[in-house]
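Visitor: My structure is below; once you've seen it, I'll send some questions.
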Amino acid sequence: MSGLTPVAHGLLGAEVSGPEEIAAGDIAVFGAPYGSPYWMSGVHSDAANAPRVFRERANQRFGAHQNRYDFSLGGTLLGDTGVRLHDLGDLGGDPRDLPGNAAAVTATVRDIVDRGGVPIVLGGDDSVPILAAAGFAGPTGSAGSGGVPGAAADADAADADAVDAGTAAAPRINVLQIDAHIDFADVAHGRTDGFSSTMRRIREMGWVGQIVQVGARGTGSATPVDYEAAVAAGNVIVPMAEVRRTGIESVIERMNTDLPWFVTLDVDGLDPTIAPGTSCPVPGGLSFDEAERLLAAVGGTLGLAGIDIVEHFPSLDVRDTTSTTLSRLLSVLIGNAARSRRHA
């Protein structure tokens, strides 16, 4: 199983830390370049470069801004909350041990959550969310200040096999997917754990409550049968046409407040005018204003359990637009989450 390699500079001014420094209520970033690829070419796609390149581009623009006034937050990034922002570094990968690469993602999320922290996972392709969500299984640790119970501490069990035990667990998180596609195929290209099956596998996790999927438009891997299965499973699917007709506030109003929210943000869920650096751009995605208001609500009144960002292809970006957009959205999410999780 691959471990974490420290980085020289933490994302957005985060402290370069080890997991042992995370306290309840803190927020912890780490890179998860490798998920469950369909093909050999996907073992190290350009999405695997995203954690490193995104940090570099984000820090070049905003790395020294943590103590500057942010007009979206009404103060500095963390304000006087006492919450610390950590950067744990990036997970490595072994092309001869794909299951081990995947298990490391789950183990790292589990370790952060078990300490009462909030994981920010920088992917990686869209199979990474399955691995990240699996890290919330198993109530053995104590709750952080945001009300997310700790996950099982046994790192040896921290792998995607946790999904198999999903039906035995009580719901502990809700999940918000921002994506141009619903990713609800049962099997694609002979695999059940690839990026076309992300939300199907997460739906099977017993510790996941409500699922809201926003941003769908055009065509993708989903068949009519897949769409009907997602609806039958209880997923709230809000296509972009509905967002434009009723507004992003209507999405927020449909999100339950019983459990904190894990967000899986596929870059193609955003409009390509603000996030062109992705492999499957589709016109008509969430605008910056819509995404900012949605994530501000998750970080604030709804409660943040964690987030992953996936399908960022840095080589396809234009003038670092995608990195700038993601930096600002993460700042808004982190700032609101810190204010809602402030330390006593």
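Visitor: Which number in (1) surrounded by fewer than 24 Cβ atoms within 10 Å (Cβ to Cβ); (2) under 20 Å from S340 (Cα atoms); (3) in contact with a strand residue (DSSP E or B) (Cβ under 6 Å, 6 or more places away or on another chain) marks the one condition that G89 misses?
Guide: (2)
Visitor: Another question, then. I'm checking my understanding of the structure. Among residues of the range 303-344 that are of a type in the set (G, A, S) and within 23 Å of Q210 (Cα to Cα), which one is most open to solvent (accessible area, probe 1.4 Å)?
Guide: It comes out as S340.
Yes or no, residue by residue, for (1) free of Cβ contacts under 8 Å to residues at least 60 places away in the same chain; (2) touching a Leu at 6+ places or on another chain (Cβ under 8 Å); (3) assigned to a loop (DSSP other than H, G, I, E, B):
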| residue | (1), (2), (3) |
| --- | --- |
| E292 | no, yes, no |
| V298 | no, yes, no |
| T301 | yes, no, no |
| I309 | no, yes, no |
| H312 | no, yes, yes |
| S323 | no, no, no |
| S327 | no, yes, no |
| S331 | no, yes, no |
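Visitor: Checking the structure you have, find out if any residue of the range 135-148 is at pLDDT 95 or above, among the small types (G, A, S) and closer than 25 Å to L11 by Cβ.
Guide: Yes, that holds for at least one residue.
Visitor: When only residues in the range 97-120 that are in contact with a helix residue (DSSP H, G or I) (Cβ under 8 Å, 6 or more places away or on another chain) and not in a helix (DSSP H, G or I) count, which is surrounded by the fewest Cβ atoms within 10 Å (Cβ to Cβ)?
Guide: Among those residues, the one meeting the criterion is R115.
Visitor: Determine the pairs where a residue that is part of a loop (DSSP other than H, G, I, E, B), located within the range 189-207, has a partner that is among the aromatic types (F, W, Y) and surrounded by fewer than 24 Cβ atoms within 10 Å (Cβ to Cβ) with Cβ atoms under 7 Å apart, the partner being 6 or more residues away or on another chain.
Guide: That search, which allows pairs on different chains as well, returns H189/Y38; G194/Y38.
Visitor: Select from the range 215-230 the residues that are open to solvent by less than 60 Å² (accessible area, probe 1.4 Å) and of a type in the set (D, E) and list them in ascending order.
Guide: If the condition is that a residue be open to solvent by less than 60 Å² (accessible area, probe 1.4 Å) and of a type in the set (D, E), then D226 is the only one that fits.
Visitor: If I go through the range 13-65 residue by residue, how many of them are crowded, with 24+ Cβ neighbours inside 10 Å, outside any helix (DSSP H, G or I) and of a type in the set (F, W, Y)?
Guide: 2
Visitor: Now a separate question. Among the candidates E253, E242, E292, single out the residue that is within 20 Å of G303 (Cβ to Cβ), out of contact with any Gly (no Cβ under 8 Å at 6 or more places or on another chain), open to solvent by less than 60 Å² (accessible area, probe 1.4 Å) and of a type in the set (D, E, K, R).
Guide: E292
Visitor: Still on this structure: Among the residues of the range 151-167, is any buried (at least 22 other Cβ atoms within 10 Å of the Cβ), farther than 21 Å from L333 by Cα and modelled with pLDDT of 95 or more?
Guide: no
Visitor: Looking at (1) more than 18 Å from the chain's Cα centre (by Cα); (2) buried (at least 22 other Cβ atoms within 10 Å of the Cβ), which one does D268 not meet, given that it meets all the others?
Guide: (1)
Visitor: Suppose we filter I274, I237 for residues that are of a type in the set (V, I, T), open to solvent by less than 50 Å² (accessible area, probe 1.4 Å) and part of a loop (DSSP other than H, G, I, E, B); which single one remains?
Guide: Only one candidate passes the filter, namely I274.
Visitor: Still on this model: Tell me yes or no: at least one residue of the range 92-103 is within 23 Å of L329 (Cβ to Cβ) and touching a Phe, Trp or Tyr at 6+ places or on another chain (Cβ under 9 Å).
Guide: Checked against the condition, which is being within 23 Å of L329 (Cβ to Cβ) and touching a Phe, Trp or Tyr at 6+ places or on another chain (Cβ under 9 Å), the range 92-103 yields no hits at all.
Visitor: Follow-up. Can you tell me how many residues in the range 43-75 are touching a strand residue (DSSP E or B) at 6+ places or on another chain (Cβ under 7 Å) and of a type in the set (A, V, I, L, M, F, W, C)?
Guide: 3
The values are calculated or read from the model by the stated rules, or taken from the named source; none is laboratory data. Computed from a predicted model, the values in this text were never measured in an experiment. All Cβ positions, glycine included, derive from the backbone under ideal geometry; neighbour counts span all protein chains shown. What goes into the accessible areas is simple: the full protein's heavy atoms, side chains included, and nothing from ligands, DNA or RNA. Shrake-Rupley method; radii C 1.70, N 1.55, O 1.52, S 1.80 Å.
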